[in-house]
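**Q** Okay, here's the structure, questions in a sec.
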Amino acid sequence: MKFYTGLSIRTLGALFIPLVFSIHSCSTPGNYSGDVYVVEAFGNTLPLDSISSRIPDNMSYDDSIIMSDRIIGSWIREKVLLAQAEKSLSGSHLQFEEKINSYRNALLVSEYENQFVNSRLNRDVTEEEVQNFHESNPELFKLPEHVVRALFVHLPEEELGLDSVKIWLAEADSTSIPRLEKWSIEHNAVFAIDSDYWWFLSDLLNHIPLQIYRIEDQLKNRKVIVFTSEGRTYMLRILEHRLKDLPSPLAIAGEQIEELIIQERRRNLLDGLRDDLVKEAWSLGLISRDSLPL
């Protein structure tokens, strides 16, 4: 075992960086024994291969020295602070040991459970599953505000010949929508004509400055609404609406439902794992229990 101690970090870097490059260039891992240690602090050692593994192969010599400086300095500071913390908190040693063990145990269990779940969890969710979940749990998807399915077009006020646009918006079918899209592109209009898309009302009003006065009555209106504002003509057709606090349309809640279904599957996998492991431990005699004294 070799130690490089009692040297400045920069001098140390000049000594071991060539070794780092030689390690990176070796064609077989067996060419290097890995027993060279760069620094020791409080009974802990930092091996050279630990540093070399963190330095990219294509890094220049000077940059490698700078990076190794940082790695060694960070390691030393960590060990010094850890030693001081252990010294200062020695009176609470037992309490801290319990916390450390609890944290370690939690990390181990969490990592094991994550690996178990990730290797078994089915993340494919069918439309039928989403539909059934939505229908069975409407209380989970209450709307925070009014929503609408709507189509709109707006363009400079001086644009003429808008009768066809009104007709297409009024019909809003598989024939009229492509015509409306083509016309809007040709006339450089701003438009949104996805009839399946649900807008939160506040988002829609960011695009269409509609004056709201009797909101529920206005949202029930299925006629084409035409108005002008600040030099532009706006045409809006509301196809469907749903009021605040009612269950959300499936199109809005769909992604959230998929995630909830996956999380439920995850919980079921973990519950099954824990139950099975406990049963197995009992059957193997790894657990014993006495009756509680009354």
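The values are calculated or read from the model by the stated rules, or taken from the named source; none is laboratory data. What you see is a predicted model, and the numbers here were worked out from it, not measured in a lab. Cβ coordinates were reconstructed from backbone atoms using ideal geometry, including for glycine residues, and neighbour counts include every protein chain displayed.
**Q** Please identify the pairs in which a residue from region 45-66 that is farther than 30 Å from residue 83 by Cα has its Cβ atom under 7 Å from the Cβ atom of a residue that is of a type outside the set (D, E, K, R) and at pLDDT below 85, counting only partners at least 6 apart or on another chain.
**A** 57/24; 61/17
**Q** Oh, and also: Those residues that are free of Cβ contacts under 8 Å to residues at least 12 places away in the same chain and closer than 26 Å to residue 248 by Cβ, I need them from region 93-136; list them, please.
**A** Result: 124, 126, 127, 128, 132, 135, 136.
**Q** Please work out which one of (1) modelled with pLDDT under 95; (2) assigned to a loop (DSSP other than H, G, I, E, B) is the condition residue 125 fails and give its number.
**A** (1)
**Q** State whether the residues of region 34-53 include one that is of a type in the set (Ser, Thr, Tyr), assigned to a helix (DSSP H, G or I), modelled with pLDDT of 65 or more and over 39 Å from the mean Cα position of the chain (by Cα).
**A** Within region 34-53 (the criterion being of a type in the set (Ser, Thr, Tyr), assigned to a helix (DSSP H, G or I), modelled with pLDDT of 65 or more and over 39 Å from the mean Cα position of the chain (by Cα)), the answer is no, since none of the residues qualifies.
**Q** Evaluate the following for residue 135: is it acidic (Asp, Glu) and modelled with pLDDT under 95?
**A** Here the answer is yes, as residue 135 does meet what is asked.
**Q** Oh, and also: So, in region 169-200, how many residues would count as being under 19 Å from residue 228 (Cα atoms) and of a type in the set (A, V, I, L, M, F, W, C)?
**A** 6
**Q** Do you know which residues across region 240-267 are closer than 30 Å to residue 159 by Cβ and surrounded by 14 or more Cβ atoms within 10 Å (Cβ to Cβ)?
**A** Across region 240-267, the qualifying residue is only 241.
**Q** For region 253-294, give me each residue that is β-branched (Val, Ile, Thr) and at pLDDT below 95.
**A** 278, 287, listed by residue number.
**Q** So residue 161 ticks every box in (1) out of contact with any helix residue (DSSP H, G or I) (no Cβ under 6 Å at 6 or more places or on another chain); (2) at negative phi but one. Which box is left unticked?
**A** So the condition that residue 161 fails would be (2).
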